[in-house]
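Take a look at the structure set out below.
Please treat every number below as a calculation from the coordinates, not as lab data. Since the structure is predicted, the reported quantities are computational estimates derived from the model, not experimental observations. Ideal geometry is used to build each Cβ from the backbone, glycine not excepted, and the neighbour counts take in all protein chains shown.
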Amino acid sequence: MSQENVEIMRALFDMWNAGDMDAFRELYDPDAIARAPKDWPEPGPFVGREAIMREWDQLREWASASQVLEPISDFIDHADHVVVRQIWRGVGLGPDTNLELTNVVTVRRGKVIYQEFFWDHDEALETLGLSE
């Protein structure tokens, strides 16, 4: 099951980078919850797939014309969670974006049900009882 969860996380990256937001949307459970990192302008939490997608759509519009989400660490699978360090880069319409975050998702029945972002990678690992 863990490898399937890692593949779902990889698909999130692939679909975001391809701009396929319809397929990206379908990876989230209708009742999913997403939490932004501490001090994010829109603190959330974002409850429900529609609220999550509104936030992602706003970010895509605000950030830039050309953007990419790039994993910069291995994907760590732990029970029904997947953790990966990432950089979100964008250039174009708005200010250049170059944010490093750690993304933690919880997957059940093939859908993301919970997602949380952290500025600090160690803090993200600690939430799951892991350490580097």
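Among 131, 2, rank each residue by its count of other Cβ atoms within 10 Å, from fewest to most, as a rough exposure measure.
The order, fewest Cβ neighbours first, is 131, 2.
Return the single residue from 30, 43, 71 with maximal mean-square fluctuation; model: Gaussian network over the chain, springs between Cα atoms under 10 Å.
Residue with maximal mean-square fluctuation among 30, 43, 71: 43.
Tell me what the chain gives for mean residue ellipticity at 222 nm when only DSSP H runs of n ≥ 4 count, each as -39,500 (n - 2.57), the sum divided by the residue total, rounded to 500 deg cm²/dmol.
Theoretical 222 nm ellipticity from helices: -10500 deg cm²/dmol.
Restrict the search to region 1-79; then list the chymotrypsin sites (Phe, Trp or Tyr not before Pro) that DSSP places in a loop and that have at most 12 other Cβ atoms within 10 Å of their Cβ.
Sparse-neighbourhood loop chymotrypsin sites (Phe, Trp or Tyr not before Pro): none present.
In the chain, what percentage of the DSSP-assigned beta bridges are antiparallel, given to the nearest 5?
Percentage antiparallel, nearest 5: 90.
Return the sequence-ordered ³J(HN,Hα) values of region 3-10 in whole Hz as given by the Karplus equation 6.51 cos²θ - 1.76 cosθ + 1.60 applied to θ = phi - 60°, using x for Gly and Pro.
Karplus values, whole Hz, x for Gly and Pro: 4, 4, 5, 4, 5, 5, 5, 4.
Using the number of other C-beta atoms within 10 angstrom as an exposure proxy, rank 121, 78 with the fewest first.
78, 121
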